[in-house]
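Reading through the structure tokens given below for one structure.
The values are calculated or read from the model by the stated rules, or taken from the named source; none is laboratory data. Remember, it's a predicted structure, so these values are computed and weren't measured experimentally. As a convention, Cβ positions derive from the backbone with ideal geometry for all residues, glycine included, and neighbour counts pool all protein chains shown. Keep in mind that these areas ignore ligands, DNA and RNA; they rest on the heavy atoms of the full protein, side chains included. Shrake-Rupley method; radii C 1.70, N 1.55, O 1.52, S 1.80 Å.
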Amino acid sequence: MEHLIELRSRLIWAIAGFFVAFLACFFFAKQIFNLLVIPFQWATEWAGLEGDKVDLIYTAPQEFFFTQIKLAMFGGLVIAFPVIALQVYKFVAPGLYRNERRAFLPFLVASPILFLIGGALVYFFFTPMVMWFFLSMQQVGPGEEIQISLLPKVSEYLGLIMTLILSFGLVFQLPVVTTLMARVGLLTSQGLIDKRKYAIVAAFVAAAILTPPDPVSQIGLAIPTILLYEVAIWSARMVERKRKREAEAAEAAEAAAESQDEPAA
């Protein structure tokens, strides 16, 4: 019963944190959406179009309202993630040893930082590149008989940028996950090296599934995934070296203790 009461308390705090962040994001939903449209403006400038003329449409009366709700939910989840992760940690921490708690905390800090790095990469580079690729397919200008212009819907543009942010954010968790698995002995650096060729194929397959069907975003996600896989190999190797040093130090301390006990015996 005590565990259930503790679980209920942690769930209440996590939901409350998400709800507060959701309300704040919904209140500023239009400003946040305008901020997310800035990469689209950059793409129009790269395509040689008027940078200040960015038109997005919605074709149903309720579409933009539900788009703002989706945006608020996404932003609320991202903002409230530290609170949610802290509540999860507080729930499981009493069952961990002190050294396990010390080992877990750095990953709790590194996870949101890596997610933000992935999101920043999407915002400042990959979204403008993807939109520039789509804008290059337009047929505009006085010499064109048929005018074909890109007028994205607000829901589709939000879905695109949210998909990219989530995809890159999750991919950037790869070093954290592999390092944790290496610490508990579920994988080794040599095992990761042996499976490198399969990981490269899996990176391109995952990029094809998670991103829009254009080569820019697919290659843009696959290459960082492969680079992060190499980082995961390096981090797993560091964990193994640290574990080896700790084992050697423990053996040396045990040998020293035995040598001190022999004369006394």
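Listing for the model above:
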quantity	calculated
Every pair of residues 6+ apart whose Cβ atoms lie under 8 Å, when the first sits in the range 225-248 and is within 20 Å of residue 171 (Cβ to Cβ) while the second is outside any helix (DSSP H, G or I) and among the hydrophobic types (A, V, I, L, M, F, W, C)	228/172; 236/187
Complete set of residues in the range 145-162 that are in contact (Cβ under 8 Å) with a residue 40 or more places away in the chain and open to solvent by 60 Å² or more (accessible area, probe 1.4 Å)	151
Close pairs from the range 4-33: first under 26 Å from residue 66 (Cα atoms), partner among the hydroxyl-bearing types (Ser, Thr, Tyr) and in a helix (DSSP H, G or I), Cβ under 8 Å, at least 6 apart	33/67
Residue that is most open to solvent (accessible area, probe 1.4 Å) [pool: residues in the range 90-129 that are without any contact (Cβ under 8 Å) to a residue 12 or more places away in the chain and charged (D, E, K, R)]	98
Count of the range 34-43 residues which are within 14 Å of residue 119 (Cα to Cα) and touching a residue at least 12 places away in the same chain (Cβ under 8 Å)	2
Qualifying residue in the range 32-55 (condition: open to solvent by 60 Å² or more (accessible area, probe 1.4 Å) and closer than 17 Å to residue 14 by Cα)	no
Positions within the range 1-22 being at pLDDT 90 or above, out of contact with any helix residue (DSSP H, G or I) (no Cβ under 7 Å at 6 or more places or on another chain) and surrounded by 12 or more Cβ atoms within 10 Å (Cβ to Cβ), in sequence order	11, 15, 16, 19, 20
